[in-house]
1. Here is a check on your reading of the model: is residue A:62 touching a residue at least 24 places away in the same chain (Cβ under 8 Å) and charged (D, E, K, R)?
2. Among the listed residues A:34, A:106, A:99, A:23, identify the single one that is surrounded by fewer than 21 Cβ atoms within 10 Å (Cβ to Cβ) and either of a type in the set (Asp, Glu) or within 14 Å of chain B (Cβ to nearest Cβ) (or both).
3. If you check B:38, B:57, B:47, which single one turns out to be part of a helix (DSSP H, G or I), more than 19 Å from residue A:229 (Cβ to Cβ) and either at the interface with another protein chain (Cβ under 9 Å from one of its Cβ atoms) or more than 20 Å from the chain's Cα centre (by Cα) (or both)?
4. In the stretch B:67-95, which residue that is within 21 Å of residue A:200 (Cα to Cα) and not aliphatic (A, V, I, L, M) is farthest from the other protein chains (Cβ to nearest Cβ)?
5. Just to confirm my filter: which helices (runs of 4 or more DSSP H) fall fully inside the stretch B:110-229 and include at least 2 residues that are touching a residue at least 24 places away in the same chain (Cβ under 8 Å) and either over 30 Å from residue B:72 (Cα atoms) or within 14 Å of chain A (Cβ to nearest Cβ) (or both)?
6. Looking at the stretch A:191-227, which of the residues that are facing chain B (nearest Cβ under 8 Å) and touching a Pro at 6+ places or on another chain (Cβ under 8 Å) is surrounded by the most Cβ atoms within 10 Å (Cβ to Cβ)?
7. Only one residue in A:43, A:21 is under 27 Å from residue A:231 (Cβ atoms), touching a residue at least 40 places away in the same chain (Cβ under 8 Å) and not in a helix (DSSP H, G or I), so which one is that?
8. May I ask you to verify whether residue A:89 is within 13 Å of another protein chain (Cβ to nearest Cβ) and outside any helix (DSSP H, G or I)?
Amino acid sequence: MEAERTFWEYLRDFSENQAPLDFVLVYDNLDKFFEGALVTLQLTFLALLIGGLMAIPMALARANKVSVLNPIIWCYTYAFRGTPLLVQTYLFYFGLGQFEAVRESFLWSPILSDPWWCVLIAFTLNTAAYTTEFLRGAIETTPRGEIEASVAAGMSPWLRTRLVVLPSAFRRALPAYSNEVIFTLHGSVIASTVTLQDLLGVGRWLNGRYYLAYEGFVTAMLFYMAIVLMITVAFKLAEKRYLKHLRPRESTEETAASATV
Amino acid sequence: MDTLIQYRQVLIDGTIVTVSLAVLSLILSIVFGLCGAFAQLSESVTFRRLGLLYTMFVRGVPELVLMMLIFFGGQLLINDMGRVTGLWGYVDVNQFFAGVLTLGFIFGAYMAETFRGAILAIPVGQIEAAKSVGMSPRQVFANVTWPQMVRYALPSFTNNWLVLVKATALVSVIGLHDLVWNAFSAGRSNHKLFTFMIAVLAIYLVITALSDLALRWVERKYNVGTRKA
C-alpha cells in the first residue's frame with residue numbers, strides 16, 4: 001500500500017512537475033533573494049546619498065554661474081548624462097586595470113579591483129550628474145521676489161542660500177527626484193553584469209544552477225516591483241508633507257461636513 | 001589610438017547595429033505609446049485600467065530584467081507553444097528581435113505618458129469644432145490632433161529617445177553584437193579596455209548630440225507660427 005503523502009510532499013511534487021513556475025524552489029532560495037535585495041538597496045541608497053551630497057554644491061555652482069567651475073561641471077554632467085551607465089561601469093571595473101600606474105597604486109587592491117566599489121563609484125557619478133542638472137533647474141526657478149526679500153532683510157549670500165534658496169529648491173525638485181530614485185534602482189541591475197550578486201544576479205544564478213528560464217527572473221521582477229511600490233508610496237507621503245502648500249484647496253463643503261462630524 | 005583605427009570596422013559595425021536597434025525600437029515604441037495613450041483616454045473603463053497597468057508595470061521593472069525574461073523565457077514559451085500545438089518546430093529567438101521587442105515595449109509606456117499629456121493639451125473645443133464640420137475620427141486625428149500633438153510631445157519625446165539610445169547598451173548583456181559588445185571583445189583581446197570604452201562613450205555622445213540637434217530642428221519646424229511665452 002502506498003504510504004500517505006504529507007501535504008508538503010504533494011506540494012513539492014506539484015510544484016516541480018506540474019506548475020508553470022517551480023514556486024517551492026523559489027521559496028527554498030528566498031533567503032538568497034533577500035540577500036540580493038540587500039545588495040541592490042545598499043548600492044542604490046549609498047549612490048543616491050553620496051551623489052546627492054555631491055550634487056548640491058555643483059548645482060549651486062552651475063546656477064550661480066561660477067566662472068571656472070560652471071563649464072567644467074557642465075562637461076561632466078553632459079558626458080555622464082549622454083552615455084550609458086553600463087559603459088561607465090565597464091570603464092571603471094574593466095578599464096582602469098589597463099594602466100600599470102593604477103594597478104600599482106595603493107587604491108588598487110582594496111577599492112579599484114573590487115566590483116562593489118567600482119559599481120558604487122560609477123552609480124554615484126551617474127546619479128550626481130542627473131541630480132545636479134535638475135537641482136540647478138529648481139534653484140534657477142526660485143522666485144525673484146524671495147531673493148530680493150532676503151537681500152533686503154540683510155542676509156549674507158550663504159545665509160540666503162541656506163535658509164531661502166535651497167529649502168524651496170528641494171521642495172520643487174521633489175517630484176523629479178522620485179523619478180531619479182527609481183531610475184537609479186533600475187540602473188542598479190547593471191551590478192549583476194560585473195559579477196555582483198544583487199537581485200538580478202541571484203535570479204541569474206538560480207536560473208543557471210537549476211537550468212530554468214523563468215523562476216529567477218520572475219522572482220527578481222516581483223522584488224523590484226515591490227521596492228518601486230515602496231519608493232512611490234514614500235515619495236507620495238513626502239510630497240504630502242513637504243508640498244502641502246501646493247495642494248489644491250479642498251472644497252469648502254467637505255471641510256464644513258468634516259467640521260460638523 | 002592606433003588600435004582603435006585598426007579595429008575601426010568592428011566599431012562601425014557595432015554602431016550600425018546599435019543605431020538600427022534604437023530606430024526600430026523607437027518605431028515600435030511609438031506604436032505601443034499611441035495604443036497606450038488612447039487606451040488611457042478611452043471611454044471604456046477596462047481600456048483605461050489596462051493602460052494604467054501597462055505604465056505601472058514598466059515603471060516597476062528594470063529594463064534588463066524584462067529583456068532577460070523575454071529573451072530566455074520567451075524562447076522557451078514559443079517552443080513550448082509550438083510543441084503543444086504542433087504548428088511550428090524549434091524556433092531560435094534572436095537577440096536583436098528580443099532587444100527590439102523589449103525596448104519597444106518599455107519605451108512604449110513612457111511614450112504613452114508623453115502622448116497622453118500632449119493630447120490633453122489640445123483644447124477640447126478644437127476637436128468638437130472638427131467633429132461639427134463633419135470630419136471623420138481619422139480626419140480629426142490627421143488634421144487636428146496629430147500636428148499639434150507633435151508640438152506638445154516633442155520635448156518629452158526627445159528625452160525618451162535619448163534614454164532609449166542609452167538603454168540599447170543593455171542588449172550586449174544578452175549577447176547581441178552591438179557597439180558595446182564589439183568594443184568589449186576587441187578591448188579584452190588587446191588588454192586595452194579603457195581605450196575602447198572611452199571610444200564607445202565618445203560614439204554614444206556623438207549620437208546623442210546629433211539627435212539633440214536634429215530634434216531641435218524638428219521642434220522649430222513644428223513650432224512655426226507659435227510664440228514663446
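1. yes
2. Of A:34, A:106, A:99, A:23, the one residue that is surrounded by fewer than 21 Cβ atoms within 10 Å (Cβ to Cβ) and either of a type in the set (Asp, Glu) or within 14 Å of chain B (Cβ to nearest Cβ) (or both) is A:99.
3. That would be B:47, the only listed residue that is part of a helix (DSSP H, G or I), more than 19 Å from residue A:229 (Cβ to Cβ) and either at the interface with another protein chain (Cβ under 9 Å from one of its Cβ atoms) or more than 20 Å from the chain's Cα centre (by Cα) (or both).
4. Per the criteria, the residue is B:95.
5. Answer list for the stretch B:110-229: B:146-167, B:179-190, B:193-222.
6. Top of the filtered list is A:200.
7. The match here is A:21.
8. So residue A:89 fails the test.
FYI, it's all coordinate maths here, none of it is from the lab. Being a predicted model, the structure only gives us computed values, none of them experimental. Note: ideal-geometry Cβ built from the backbone for every residue, glycine included; neighbour counts use all protein chains shown.
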